[in-house]
1. When chain B is treated as a GNM, springs tying every alpha-carbon pair under 10 Å, which of B:Asp217, B:Asp190, B:Asp138 comes out with the largest mean-square fluctuation?
2. In a solvent-free Debye calculation with one equal scatterer on each Cα, what is log10 I(q)/I(0) for chain B at q = 0.08, 0.14, 0.17 Å⁻¹, listed in the order of the q values?
3. For chain A, find the longest principal axis of its Cα atoms and tell me its angle to the long axis of helix A:148-181, 0 to 90°, nearest 10.
4. Once you charge only the Cβ atoms, +1 for Lys and Arg and -1 for Asp and Glu, what is the size of the charge dipole of the stretch A:2-181 about its Cα centre, to the nearest 20 debye?
5. Given the peptides B:14-20, B:206-212, arrange them by the average over their residues of other C-beta atoms within 10 Å, most packed first.
6. Quick check on the protein assembly as shown: take the gyration tensor over C-alpha atoms, sort the square-rooted eigenvalues as a ≥ b ≥ c, and tell me if it's rounded (a/c under 1.5), prolate or oblate.
7. Whole Å is fine, so just give me how far the alpha carbon centre of the stretch B:110-124 lies from that of the stretch A:57-101.
8. Which of B:Leu67, B:Leu120, B:Leu219 moves the most in a Gaussian network model of chain B with Cα springs under 10 Å?
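Where a number appears in this text, it was derived from the coordinates with a stated rule and is not lab data. Quantities reported herein were computed from a predicted structural model and do not represent experimental measurements. Every residue, glycine among them, receives a Cβ derived from its backbone with ideal geometry; neighbour counts consider all protein chains shown.
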Amino acid sequence: MREERIRLIVEVALSVALAAVLGMFKLTLPWNFAGGSVSLSMLPLIVISLRRGLAPGIVAGLTFGVIDYLLEPYFVHPVQVVLDYPVAFAACGLAALARPRRSGVLAITEIGSSALGGAILAGAGRLAASFVSGVVFFSANAPEGQPVWLYSLLYNASYLAPSVIACGVAAAVVVPALDRAVPISRVSLP
Amino acid sequence: MSVPVPFGQYVPGSSPVHGLEARVKIGVTAVFTVALFAMETWMGLAGAAIAVVAVVAVSSVPPRLVLRGIRPIAWLMVFTVLANALTWGGTGVRWHAGPLGVSEEGLMRGVFFAVRIVILVAGTSLVTLTTSPVDLTDALSRLMWPLSVMGFPADDAAMMLTIALRFIPTTAEEAERIVIAQTARGARFDLGGPVRRARAWVPVLVPLFVRLFRRADDLAIAMESRCYTGVGRTHLRVSSLRPVDWMVLVAGVALAIGGGMYL
């Protein structure tokens, strides 16, 4: 049992390392002048959430948020840092809510819908955090009366939507292959 | 596909700023950022800018590296200035072209916000420029102890941070090896449109995940056999706060709070 718990800790940690590596290969869209890019960095967080559940997914996201900030800090407001890094990536753990209800052999449609649903939930959670962060930032630096919520929503959705589609498709391929190659016994963080 | 090692922003050095305990740097920077947002006068920003320039000078970090962090936010500053300066059909504008005008008060406010962002980015990047990721992770792990009171697995989180950071270069090398192996089998990553190029990465992602999770098995067994329990972990190198660290912490926090309250 203890070995399973250690294995879970290591799986989460290595997923974070992989997320950091995948995040280095990113496509920054011309209009994303204030940070944010299209990448597969969410993919390992979605995979670990679908494989291990909500708590490990959230912890993986929190850890990746800290590492991502240490490697590539983008600090324009104290609240923005908390929301854009640990909170936004912890929200990727919401992908676990799309885990298939039953275990055993699953149909390809079940695997696909679970992976895509997980990616959409992860993206929606991250969008919510980044949206609030954007509202806080634009509110602090733009005059009152401007539609800061619209700026923030369009800005963050512009890079998150392609990332979610890419991660969803990739997760649909990776998760079943991983479950076959490296099966798990279900454990949870204390 | 290669990742520079060492990665991150750290610039090795032996300056007094490099030598400060990482927790002190994190603490002073946290209070400094909050104080910066509390400041409402140009005098306050000038004081903060002088403090940042002084720390950069003492740290021996090349100023161009500090300024490098500002380049990605150049458009953000332009947006900030324009969003404040431009008005549509408003009154009290200094210059105008049709209904579009530039308010002098708004322009000054925009420039104030933009300068504040520059000082903020320069000040916060000093922490990552003068502290190695390993020391920062260690410091964050030690700062997480209050969370364990609330039931958060702080020791496990600290271990995850350490392993993740340690394995980033290894994982990047693994990815590079798989890319080379698939290229040798005829895979092409630079042909066709975006969809075809994305599909070309599938034969890389699947083995990458599988190998990584198999490695997790091996690592877990290695940790278990070395009696890792997650509780009461000790360290080979234990960093402690020296008198100079306490002095910098107290002085830095006092100056930041004073500046935030009165400037």
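1. In the Gaussian network model the winner is B:Asp190.
2. -0.53, -1.10, -1.26
3. With rounding to tens, the tilt is 10 degrees.
4. 540
5. B:206-212, B:14-20
6. Here the protein assembly as shown falls in the oblate category.
7. One Cα centre to the other: 25 Å.
8. Maximum fluctuation in the GNM of chain B, among the listed residues, is at B:Leu219.
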